Amino acid sequence: MHIDDAALHFDPRFEDPQELRRITRRGFFRRLIGGTAAGAALLSFGSNAFGAAAPPLNSLGRGATPDDERYWELVAGQFLIRKGLTYMNTGTRGPSPRSVHMAQIEAMVGIDSDYSGYTENAYNKDYRAELRNKMAAFLGVKTTEVAFTNNTTEGMVFGTFGPDLKRGDEIIYTNHDHSGGAHPILLRAAREGLAVKVIDLSDRKFHPPKSPDDLLKAFETAITPKTKLLSFCHINYTDGGVLPVKDICAMARAKGVLTLVDGAQTPGMMALDLHDLGCDMYAGPSHKWMMASMYTGFFYVREGIQDRVWPTLYAGLVNGKNMYGREPAGDDANFYKKETPGLARFELRGSSHYPARVSIGASLDFHNHLTREAVEARDRYLAQRLHKGLRAIDGVDLYTSDDPRLGCAIVAFTVKGVPTKTVNDLLWDRHVIYIRKVTHPEIGWDVNRASMHLMVTVRQVDTLIGAIQEIATQKPS
Ligand SMILES: Cc1ncc(COP(=O)(O)O)c(C=O)c1O
């Protein structure tokens with residue numbers, strides 16, 4: 001690995017357990033939160049205690065054009081990613097920018113230093129209501145239509161197990177879905193005697209398809225009178241393909257079929273308007289393209305069908321009554337009516353991780369500051385540049401479309417004659433570029449996959465293209 005450890009962004013004291021204990025004992029974190037000069041410096045986004053000097057986020061303008069490299073390099077400088085490392089795997093994990101990272105740390109310090117003060121003055125009712133407002137606005141939904149979850153998979157489980165179904169009813173998914181969406185379907189079907197149909201997208205003609213209609217047709221022909229639930233990805237994690245969600249959902253609704261969309265790869269990459277998409281249910285993470293902390297996500301159910309979706313992991317009121325057989329009164333009543341309205345009942349499952357929720361708020365601020373539209377345009381710009389560069393290389397196969405209706409910020413490719421693992425290993429060994437591969441021999445799938453998000457610069461994209469050119473020429477095995 002060609003990394004100069006001295007150039008790591010982290011304060012080396014944090015890597016030395018003894019030193020860490022010593023500064024913690026000295027009340028370091030108390031001072032950090034107490035607003036001393038040192039603490040303030042550490043908490044400010046531009047501090048270099050946790051990273052190289054970077055301008056504060058709010059000093060950057062809003063809505064820059066996608067090719068304004070000077071601006072986007074400053075945005076890329078907001079991340080803690082260590083110097084020399086090119087990170088191109090937001091599809092798995094979107095590392096938090098400094099403001100999000102620090103908001104989470106601040107919440108942890110608040111909880112452990114003064115829990116009652118923190119929950120009264122910082123993480124209080126007003127903060128939580130505002131957080132829900134921001135999340136709803138980000139998704140284009142009502143506040144009563146969204147619940148916070150811990151990841152995409154939880155939402156997919158809720159959406160799969162929530163609706164009443166009877167023996168013989170059919171659920172459909174595709175073989176390019178993620179196991180987080182497909183396995184819950186198989187579990188429910190095995191337990192309740194439901195039928196399952198898998199739409200076969202393994203044919204090369206779907207990667208990429210010529211037109212969104214090719215995908216729509218594959219979905220339409222799969223539906224039968226038995227079909228009650230259709231579960232599929234907004235963006236495939238396998239090839240980065242964007243599905244025609246709006247058309248598929250309209251088609252399904254006309255046939256009386258509920259739709260559950262796996263949005264693991266979309267929020268924070270594409271500006272979303274779930275009402276416009278017209279899906280019944282949508283599950284997503286906040287820990288990927290939104291770049292909040294790990295273990296964050298959301299679940300949406302449109303207003304019109306909420307009474308058809310049972311919460312499955314739930315410890316709230318049943319038929320409006322509490323464990324004493326009473327309707328709640330006083331603070332309890334307020335909590336249920338005002339704090340967990342509509343879909344938020346899906347959050348009634350014990351204590352949550354406040355710092356993670358706080359990181360969602362900070363990540364929404366981060367995106368809203370840059371603007372969702374500018375972020376999507378930048379991601380597309382980087383992906384288009386990568387796409388064009390790879391297309392020009394003899395011996396590279398692309399599986400993602402550059403048609404904006406069919407692709408966005410994930411690019412899947414292979415180098416003829418070079419195993420995907422070798423490609424990834426060489427990118428890492430020679431250039432410290434981190435991408436992933438997606439391999440499913442059961443459906444003949446084995447590709448390299450690069451994610452283009454805000455921590456990536458044009459220079460890094462060009463280095464990747466050059467590195468792939470080199471590999472394609474040398475053809476190492
Ligand atoms: C399409 C898709 N669905 C579901 C998941 C699982 O997401 P999570 O870890 O948020 O549950 C992933 C993770 O990469 C994914 O790409």
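Using amide H atoms built in the peptide plane, which far-off residues or other-chain residues are under 5 Å from Cys233 H to H?
Close amide H contacts, sequence-distant or interchain: Asp262.
For Lys437, go through the aspartates and glutamates and keep the ones whose alpha-carbon is under 16 Å away, minus same-chain ones fewer than eight residues off.
The reachable aspartates and glutamates, counting only those whose Cα sits under 16 Å from Lys437, are Asp177, Asp239, Asp397, Asp425, Asp429, Asp446.
Check each of the trypsin sites (Lys or Arg not before Pro) in the stretch 387-442 and keep only those in coil by DSSP with at most 16 other C-beta atoms within 10 angstrom; list them in order. Display every interim value, and only then the final one.
Working: sites: Lys388, Arg391, Arg405, Lys416, Lys421, Arg430, Arg436, Lys437; in loops: Arg405, Lys416.
Passing sites in the stretch 387-442 are Arg405, Lys416.
I'd like the Karplus ³J(HN,Hα) series for the stretch 245-259: coefficients 6.51, -1.76, 1.60, θ = phi - 60°, whole numbers in Hz, and an x wherever there's a Gly or Pro.
Here the 3J(HN,Hα) series is 4, 4, 5, 5, 5, 5, 4, 5, 5, 4, 9, x, 9, 6, 10 Hz.
In straight Cα distance, which lysines are under 27 Å from Lys228, not counting same-chain residues fewer than 8 positions off?
Partners within reach: Lys142, Lys166, Lys197, Lys217, Lys246, Lys255.
What residues have an amide H closer than 5 Å to that of Ile199, excluding those fewer than 5 places away on the same chain, when H is modeled at 1.01 Å from N in the peptide plane?
Tyr173, Thr174, Asn175
Stretch Asp67-Lys197 to full length: gain in nm at 0.36 nm per residue minus the Cα-Cα span?
42.4 nm
Per DSSP helix of 4 or more residues, -39500 (n - 2.57); summed, then divided by the residues of the chain. What does that give at 222 nm, rounded to the nearest 500?
-12000 deg cm²/dmol
With a cut-off of at most 16 other beta carbons within 10 Å, and DSSP calling the residue loop, which GluC sites (Glu not before Pro) in the stretch 144-200 qualify? Please list them.
Here no GluC sites (Glu not before Pro) fit, given the DSSP loop and packing criteria.
I'd like the FRET efficiency for Ile305 and Arg93, computed as 1/(1 + (r/R0)^6) with the beta carbon distance as r and R0 of 35 Å, rounded to 0.05.
Between Ile305 and Arg93 the formula returns 0.65.
At what distance in nm do the modelled label points of Ala315 and Ser59 sit from each other, each positioned 7 Å from its Cα along Cα→Cβ?
Modelled inter-label distance: 4.7 nm.
What are the ³J(HN,Hα) couplings of the stretch 347-360, residue after residue, when phi is run through the Karplus curve with 6.51, -1.76, 1.60 and θ = phi - 60°? Round to Hz, x for glycine and proline.
Working through the residues one at a time gives 8, 7, 8, x, 4, 10, 9, 4, x, 5, 5, 4, 5, 5 Hz.
I need the phi-derived Karplus couplings for the stretch 59-64: 6.51 cos²θ - 1.76 cosθ + 1.60, θ = phi - 60°, integer Hz, Gly and Pro marked x.
Computed from phi, the couplings for the stretch 59-64 are 8, 7, x, 10, x, 5 Hz.
For the stretch 130-189, what is the relative contact order in percent, using Cα pairs closer than 8 Å and at least 6 residues apart in sequence?
Computed over the stretch 130-189, the figure is 30 percent.
Under 5 Å between amide hydrogens, which residues at least 5 positions from Ser352 or on another chain qualify, with H placed 1.01 Å from N in the peptide plane?
Distant-sequence amide H within range of Ser352: zero hits.
Zone of Ile443 (label point 7 Å along Cα→Cβ, backbone N under 18 Å): which residues in the stretch 166-181?
Only 171-181 fall inside the zone, counting backbone N under 18 Å.
In nm, what is the difference between 0.36 nm times the number of residues separating Arg204 and Asp112 and their Cα-Cα distance?
Difference between extended and current length: 27.8 nm.
Rounded, prolate or oblate: which fits the chain when a ≥ b ≥ c are the square roots of the eigenvalues of the alpha-carbon gyration tensor, with rounded for a/c under 1.5 and prolate only if a/b beats b/c? Mind showing how you got there, number by number?
On the way: a/c = 1.94, a/b = 1.02, b/c = 1.91.
Here the chain falls in the oblate category.
Test of understanding: given the chain, find the longest segment containing no chymotrypsin sites (Phe, Trp or Tyr not before Pro) that are in a DSSP loop and have at most 13 other Cβ atoms within 10 Å. Let's see the in-between values first.
Numbers: sites that count: Phe10, Tyr324.
Between the exposed loop sites, the longest stretch runs 11-323.
Between Arg345 and Ser179, what is the label-to-label distance in nm when each label sits 7 Å out along the Cα-to-Cβ direction?
3.3 nm
Within the stretch 98-122, list the residues whose amide N lies under 14 Å from a label point set 7 Å along Cα→Cβ of Asp331.
116-117, 119-121
With an 8 Å Cα cut-off and a minimum separation of 6 or more residues, compute the relative contact order for the chain in percent. Walk me through the numbers before you get to the answer.
Working: 877 pairs, mean separation 98.4, N = 477.
The value is 21 percent.
Could you check what % of the DSSP bridge pairs in the chain are antiparallel, to the nearest 5?
Values: 27 of 46 bridges.
For the chain, the DSSP antiparallel bridge percentage is about 60.
Values in this text are rule-based calculations from the coordinates and carry no lab data. Here the structure is a predicted model, which is why all the values come from computation and not from measurement. All Cβ positions, even for glycine, are placed from backbone atoms using ideal geometry, and neighbour counts span all protein chains on display.
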